[in-house]
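The next block holds one structure in the form of structure tokens; read it before the comments.
Read the figures in this text as sums done on the coordinates, not as results from a lab. Quick caveat: nothing in here was measured; it's all calculated off a predicted structure. Using ideal geometry, Cβ is built from the backbone for each residue, glycine included, and neighbour counts are taken over all protein chains shown.
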């Protein structure tokens, strides 16, 4: 992938950041990973100058509403584009079997009959399984069960034709079962709910999240080259998050650290 565009970087309760979701731009399409909690995804795409007709694939990690409900809005307005002849490309939505069933059911219960017409032909839900590989936007994607204790969740390993490897581990700390998958990767996208100093305020591990310190220690122990941290709180570090998260991460991780703001483009180089 050439660029990473974080459309949102906040956790579920964040109001100063959109919920964490991002766009990966490649030579053969654009992959949207998660879609946030509602029609705010449409605003974020508009601010980024991205038209819905440009998104070829969506990957939805899990069923929590801050990750999946934006998909319903994308389906609705993508269907309108198809019906008007303004979207020539199909839209594939990749997620695990049960989530595909739930999202399709929500669409059927809430969208107008006309908006359902393209489902199954131009807009398709494509269930994934652990270890399954697919070609998406010109890259090989291997889907990974993250072994979540809260809800079935998937991440992925993406490999470019040039050999660059990118891993997304969902919105929970990377489990030991996946450590072999992230060892030596070029890019690791990992959640970091709060600073270690704020552990006593947020108790992140009690809600299935972690601190910048622990995420950075994991990346260092696995020889990761570039670390992207997001899915954060927005109570204690608004306006200072980038500097403070980066400073803490660099105490424990020797690679490149990125703490992006919403809509901040990152070039996915291997430096």
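Here are the numbers:
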quantity: Candidate set: the stretch 251-271, residues that are over 16 Å from residue 191 (Cα atoms) and touching a helix residue (DSSP H, G or I) at 6+ places or on another chain (Cβ under 8 Å); chosen: the one surrounded by the most Cβ atoms within 10 Å (Cβ to Cβ); calculated: 255
quantity: Residue, surrounded by the fewest Cβ atoms within 10 Å (Cβ to Cβ), within the stretch 18-34, restricted to residues that are assigned to a loop (DSSP other than H, G, I, E, B) and within 14 Å of the chain's Cα centre (by Cα); calculated: 18
quantity: Qualifying residue in the stretch 85-92 (condition: over 25 Å from residue 44 (Cβ atoms), surrounded by fewer than 15 Cβ atoms within 10 Å (Cβ to Cβ) and touching a strand residue (DSSP E or B) at 6+ places or on another chain (Cβ under 8 Å)); calculated: no
quantity: Hits in the stretch 196-218 (condition: closer than 20 Å to residue 182 by Cβ and either in contact (Cβ under 8 Å) with a residue 60 or more places away in the chain or not in a helix (DSSP H, G or I) (or both)); calculated: 208, 209, 210, 211
quantity: Condition check for residue 126: free of Cβ contacts under 8 Å to residues at least 40 places away in the same chain, touching a helix residue (DSSP H, G or I) at 6+ places or on another chain (Cβ under 9 Å) and either more than 27 Å from residue 27 (Cβ to Cβ) or assigned to a helix (DSSP H, G or I) (or both); calculated: no
quantity: Residue identified as touching a strand residue (DSSP E or B) at 6+ places or on another chain (Cβ under 7 Å), assigned to a loop (DSSP other than H, G, I, E, B) and either surrounded by fewer than 22 Cβ atoms within 10 Å (Cβ to Cβ) or at negative phi (or both) among 50, 15; calculated: 50
quantity: Out of 113, 118, sole residue that is buried (at least 19 other Cβ atoms within 10 Å of the Cβ) and farther than 24 Å from residue 9 by Cα; calculated: 118
quantity: Filter pass, residue 75 being outside any loop (DSSP other than H, G, I, E, B), within 13 Å of the chain's Cα centre (by Cα) and over 16 Å from residue 170 (Cα atoms); calculated: no
